[in-house]
There are 2 protein chains.
Amino acid sequence: MTDLDHTHDPALRSWVASANSADTDFPIQNLPLGMARAAGSTGAFRPVTAIGDQVLDLIAAAELGALSDALGAVLRTCEGHGLNPLMAIGPDLRRQLRHELVAALRDEAGPKQANALAPALKPMADVEMTLPCRIGDYTDFYAGIHHATTVGKLFRPDNPLLPNYKWVPIGYHGRVSSIGVSGQTFRRPLGQTKAPDAEAPGFGPVKRLDYELEVGALVATGNEPGRPVSIDEAEQHLFGLVLLNDWSARDLQAWEYQPLGPFLSKSFATTISPWVITMEALAPFRRAFTRPDGDPQPLPYLDGAANRERGAIGIRLEVHLQTRAMRDAGQAPARLTASDFSQAYWTVAQMLTHHASNGCNLQTGDLFGSGTMSGPTADQGGSLLELTQGGKQAITLPGGEQRLFLQDGDSVALVGRCEAPGRRAIGFGPCVGTVMPAVA
Amino acid sequence: MTDLDHTHDPALRSWVASANSADTDFPIQNLPLGMARAAGSTGAFRPVTAIGDQVLDLIAAAELGALSDALGAVLRTCEGHGLNPLMAIGPDLRRQLRHELVAALRDEAGPKQANALAPALKPMADVEMTLPCRIGDYTDFYAGIHHATTVGKLFRPDNPLLPNYKWVPIGYHGRVSSIGVSGQTFRRPLGQTKAPDAEAPGFGPVKRLDYELEVGALVATGNEPGRPVSIDEAEQHLFGLVLLNDWSARDLQAWEYQPLGPFLSKSFATTISPWVITMEALAPFRRAFTRPDGDPQPLPYLDGAANRERGAIGIRLEVHLQTRAMRDAGQAPARLTASDFSQAYWTVAQMLTHHASNGCNLQTGDLFGSGTMSGPTADQGGSLLELTQGGKQAITLPGGEQRLFLQDGDSVALVGRCEAPGRRAIGFGPCVGTVMPAVA
């Protein structure tokens, strides 16, 4: 479990002025990690951090003397590859990187550092980003109990929350190849669907296209095959979090998902935010993990003191929708929902420990999705399926348009922001994806 | 669809004498591809083919002039990486490799080639093999209708074969990190299970450990996101087949699998055979793909003339079990079952087309599992779950031992062999895995 130190001091300011504005996602207390290159370039993606509205090239920063040689050597191996080598260096060196970045970027370091590091800084608007790392395996959990209950009611009215839900961190393997970063566009999938009253299924563009509001967790270091990870060690294996949109075709899902789970209803696209918010940056927003009265306590292998005391993470989560008409009219995206990641029924540490409990070898760069993070009230659904009561009750957008499910041209933006009393707020940056028309 | 040519001539013989024995898996008509290095070495794995009881180093063969420069260049990029670059070169160059190998290894080429290629040949017993390629995503299908029916009865007595089964090639994403090649050992998994009459689940070593007899298919070339692959084009995207053992913990599976499908019950280990039998080598064993009378015909997107005429592939499949006691007594493995891949309810072309139908981008090196290939009769179950009627009726092994499920020390070997009248038989080589005791 990461402790708080001076890098979390809310009074810290940066000589990069935009990092000190109250509404930036990227104050000096955040320092997320990602892979970027000059927009429109064909060069290799390089490891970067964000500071205000600027991007700092970490290899260049090391060459300019702002980072130690040991970190510089690791960062160079990330070029053209992904953050994996950096993710694998372990928590001590990761903390060292954070400390060195704070030392280089803090107010007290400028203008000397401002001059020295100028060649390594670029406006964020001038770079493009890619996946933060090579993802070996992607596992999607189901830790949103409000989502599981509401959706369970739609698929199984008599049996909304299955008997295993409060005991097992339910998860399933997801598709890696179609994971993209913010800015991803994808064609409306085609697929096989069957109306309840139809004799036979048909094939064509899906009609019930949806998003799912999730948080993603990236694995820093894995485990040897056959060697589980104890709940007390689990946090050491985590690198950081991203936002994750688990796009879903509900009509495909309903027809295909039994008995082996979702497949083509999810595998066409998954969008994550390109900036990894490190576990170190999230330290001030940790909260006690508790179970509602009357719910079973986790089995011992999923129950540890640190997990109980600080296993949860407070992240305010939102979904915003912008239709093509809204975009054309210059109208801002409309907020559809807000919830909080601290309400997850299982912590990321529990997900990791459960995942490795059977001896499955996790690897650096593995991605976990949290499952849809809906809130407890009807207007806090993390998907349209929930907000429209299974596609029955349309929602009305500010411009007057209505939606049961997503239409071509719709853009969905996830927002994540951590706030706590006496703490500098940090954010996750953009996680936007757009639906394109089905292939002809 | 690959046509037959002189490389399939059953009269072809090799100057490698062991390739001409009737019972070898690797006559000159096979020429499977894999990645090998000297046993016990720490060097890079290199692309190889098998001929009789010998392994031919393909980079060395190219350097010795037996393969064209173009193929040599591709093969060199496979070293230390996997067959992926070779898999991606397309069917014409793949066929060229086969033709050049036949020219170099056929009887008529020796003893000149026997002398020239001697430095590139090694006894198979002196090499170790690894995964044939980097597997990006692994999808396990469910095309064994006899398995689906028998297992469905155990899990859902009233509803064995779900309404979607005969319409949708059911599949789900599997775990890539724990895929190993023949020789894989793995610890008995720990996990959360719940007896039907227990109030709460418990945690410990699983009791109902099982194997599943499957065929794996490797993708040669993928598709762009959003661009489906027609059924008529699907064969061009396939590289070859392997055997696949989808190890399964039935007690984990029963408790965890709803509603999102199998997860930890499968993710601890999957064993494949290291030799890829190319689609070219399988050409003589193609058969008509037909549906039983009264079953629905596939929807048009899964139905094509070539698929109907030659979509099925005849592979005799067997499972052999050797317990520790049998091994200690020098007793041969006992055959538990035999079935045939031609009975798969969906062809590999249909799996590929269905997988890409929603726009999901397949990639070179993706692996599909076929699902458990049981035969129609009770003694043809492709898993112990089936052979023991859900763990109720023990099977007795030749030495007198009984099994409901696998015990520590048990080795399971899958066997695959293609035979057809007037054709030289070819085989898949070994696919063995062994259960080790659970971690303390």
Q: Determine, yes or no, whether B:D251 is among the charged types (D, E, K, R) and assigned to a loop (DSSP other than H, G, I, E, B).
A: no
Q. For residues in region B:268-278 being of a type in the set (S, T, Y) and in a strand (DSSP E or B), which is nearest to the other protein chains (Cβ to nearest Cβ)?
A. B:T270
(Q) I need the full set of residues from region A:156-211 which are within 19 Å of A:S383 (Cα to Cα), assigned to a loop (DSSP other than H, G, I, E, B) and open to solvent by 10 Å² or more (accessible area, probe 1.4 Å), in order please. (A) A:R156, A:P157, A:P160, A:L161, A:S182, A:R188, A:K207, A:R208
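If a residue must be part of a helix (DSSP H, G or I), in contact (Cβ under 8 Å) with a residue 60 or more places away in the chain and more than 8 Å from chain A (Cβ to nearest Cβ), how many such residues does region B:121-155 contain?
Within region B:121-155, the subset part of a helix (DSSP H, G or I) is B:124-126, B:145-155.
With in contact (Cβ under 8 Å) with a residue 60 or more places away in the chain added as a condition, the list becomes B:124-126, B:145-148, B:150-151, B:154-155.
Filter again for more than 8 Å from chain A (Cβ to nearest Cβ), leaving B:124-126, B:145-148, B:150-151, B:154.
The number of residues fulfilling the criteria is 10.
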**Q.** Among residues of region B:243-267, those that are open to solvent by 10 Å² or more (accessible area, probe 1.4 Å), at the interface with chain A (Cβ under 7 Å from one of its Cβ atoms) and modelled with pLDDT of 95 or more, counted
**A.** 2
Q) Restricting the search to region A:224-242, which residues are within 13 Å of chain B (Cβ to nearest Cβ) and within 14 Å of A:G311 (Cβ to Cβ)? A) A:S230, A:I231
Q) How many residues does region A:156-166 contain that are in contact with a Phe, Trp or Tyr (Cβ under 8 Å, 6 or more places away or on another chain) and at the interface with another protein chain (Cβ under 8 Å from one of its Cβ atoms)? A) 1
Q: Hey, could you check region A:390-440 for residues that are touching a residue at least 24 places away in the same chain (Cβ under 8 Å) and of a type in the set (S, T, N, Q) and say which is nearest to A:Q253 (Cα to Cα)?
A: A:Q407
**Q.** Of all residues in region A:425-440 being within 14 Å of chain B (Cβ to nearest Cβ), of a type in the set (A, V, I, L, M) and outside any loop (DSSP other than H, G, I, E, B), the one that is least open to solvent (accessible area, probe 1.4 Å)
**A.** A:V435
Q. Restricting attention to region B:393-424, and to residues there that are in contact with a helix residue (DSSP H, G or I) (Cβ under 9 Å, 6 or more places away or on another chain), surrounded by fewer than 22 Cβ atoms within 10 Å (Cβ to Cβ) and aliphatic (A, V, I, L, M), which single residue is farthest from B:S383 (Cα to Cα)?
A. B:A420
Q: Filter region B:172-203 for residues that are over 15 Å from the mean Cα position of the chain (by Cα), more than 8 Å from every other protein chain (Cβ to nearest Cβ) and touching a residue at least 60 places away in the same chain (Cβ under 8 Å) and give the result.
A: B:T185, B:R188, B:T193
Q) Within the group A:G400, A:G390, A:G381, A:G422, which residue is in the same structural domain as A:S339 (by TED's automatic domain parsing) and within 17 Å of A:V319 (Cβ to Cβ)? A) A:G381
Q: Restrict the check to region A:100-112 and report whether at least one residue is assigned to a helix (DSSP H, G or I), at pLDDT 95 or above, away from every other protein chain (no Cβ under 14 Å) and within 28 Å of B:G191 (Cα to Cα).
A: no
Q: Could you please find all residues in region B:212-242 being small (G, A, S) and either open to solvent by less than 20 Å² (accessible area, probe 1.4 Å) or modelled with pLDDT under 95 (or both)?
A: B:G216, B:A217, B:A220, B:G226, B:A234, B:G240
Q. For B:A305, all conditions in the list (1) in contact (Cβ under 8 Å) with a residue 60 or more places away in the chain; (2) within 14 Å of chain A (Cβ to nearest Cβ) hold save one; what is the number of the exception?
A. (2)
Q.
Would you confirm, using the coordinates I've provided, whether B:Q297 is over 18 Å from B:A217 (Cα atoms), in contact with a Pro (Cβ under 8 Å, 6 or more places away or on another chain), open to solvent by 40 Å² or more (accessible area, probe 1.4 Å) and not aliphatic (A, V, I, L, M)?
A. no
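The values are calculated or read from the model by the stated rules, or taken from the named source; none is laboratory data. Since the structure is predicted, the reported quantities are computational estimates derived from the model, not experimental observations. So basically every Cβ, Gly included, is an ideal-geometry build from the backbone, and we count neighbours across all protein chains shown. To get the accessible areas, we keep the full protein, side chains included, count just its heavy atoms, and leave off ligands, DNA and RNA. Shrake-Rupley method; radii C 1.70, N 1.55, O 1.52, S 1.80 Å.
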